[in-house]
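*Asks:* For reference, the structure I am asking about is given below.
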Amino acid sequence: MSRLRPQGDTGQAFPVYITVAAGLLFLALAFLAVGQAAVNRSGAQTAADAAALAAAQNRRDQLAGKWVEDVLDPTEWAAVFDGDVASLKPSCWRADQLAAQNDASADCASLDPLTFAVTAVTRKSVGTSVVPGTEKYKSTATAKAVIEARCTFDPPTGDGGGADDTLPSLNCKGRRWDLDPDHLTDLPGPTDLFDVHLVG
């Protein structure tokens, strides 16, 4: 003869199930909030990296243009490769542009003629979640980009500056450029002259 299970056991277990389910739901929402924050943080870092590189590339292009202007005066080359050019224009406007394209704002600074530092802040917050305050939290990230000369040359021994002078050869990371002052049609470009990269 079988015994009937008391109905009270089921009734007592039901609140436990509800509590466990609610706890699991809360954990799932918390993990979702963490994921949202990670995505937002990644967006901020992407914006900072792109902005710093854009500013540095703008400065690189200016330096390359200056080198072309002074190509017949090799006594000026070293100053160009060191970034020591008085006529350089601001480049942080490019950082602002690239940050905006990545839905962020940028605070850009030229630490020296060859180095740019950027702090990017996302325009969107993490969003509403079970974690208090996330609806107001915006991610911030920093990045630094540097410009490095890729070329070396032997300093001129003469006074330079004339079309009849022999120009030094440029050795640019494995490629040699023998420059003829009478036929300056094949000159190295910005990416041949300078390298731009992020640093930690």
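*Asks:* Residues to consider are R41, R60, R94; find the one that is over 21 Å from T191 (Cα atoms) and basic (K, R).
*Replies:* After ruling out the rest, the residue left standing is R41.
*Asks:* Could you list, in sequence order, the residues of the stretch 77-98 that are free of Cβ contacts under 8 Å to residues at least 40 places away in the same chain and crowded, with 18+ Cβ neighbours inside 10 Å?
*Replies:* Result: V80, V85, S91, C92.
*Asks:* Show the residue pairs meeting these rules: Cβ distance below 6 Å; 6+ apart or different chains; first residue within the stretch 177-200 and without any contact (Cβ under 8 Å) to a residue 24 or more places away in the chain; second residue among the hydroxyl-bearing types (S, T, Y) and assigned to a loop (DSSP other than H, G, I, E, B).
*Replies:* Cβ pairs passing all conditions: D178/S169.
*Asks:* All but one of (1) at pLDDT below 60; (2) aliphatic (A, V, I, L, M); (3) assigned to a helix (DSSP H, G or I) hold for L4; state the number of the condition that does not hold.
*Replies:* Here L4 meets the rest and fails (3).
*Asks:* Can you work out which of the residues in the stretch 53-82 that are β-branched (V, I, T) and in a helix (DSSP H, G or I) is farthest from the chain's Cα centre (by Cα)?
*Replies:* Just the residues of the stretch 53-82 that are β-branched (V, I, T), to begin with: 68, 71, 75, 80.
Retained after the next criterion (residues that are in a helix (DSSP H, G or I)): 68, 75, 80.
On the way: V68: 27, T75: 33, V80: 23 Å.
Taking the candidates together, the pick is T75.
*Asks:* Within the stretch 110-147, work out how many residues are loosely packed, with under 14 Cβ neighbours inside 10 Å and modelled with pLDDT of 95 or more.
*Replies:* Counting residues in the stretch 110-147 that are loosely packed, with under 14 Cβ neighbours inside 10 Å and modelled with pLDDT of 95 or more gives 2.
*Asks:* Hey, does the stretch 162-172 have a residue that's modelled with pLDDT of 85 or more, part of a loop (DSSP other than H, G, I, E, B) and closer than 30 Å to L111 by Cα?
*Replies:* No, the conditions are met nowhere in the stretch 162-172.
The values are calculated or read from the model by the stated rules, or taken from the named source; none is laboratory data. The structure presented is a predicted model; accordingly, all values stated were derived computationally and were not measured. When we count neighbours, we look across all protein chains shown, and the Cβ atoms used for this are built from the backbone with ideal geometry, even at glycine.
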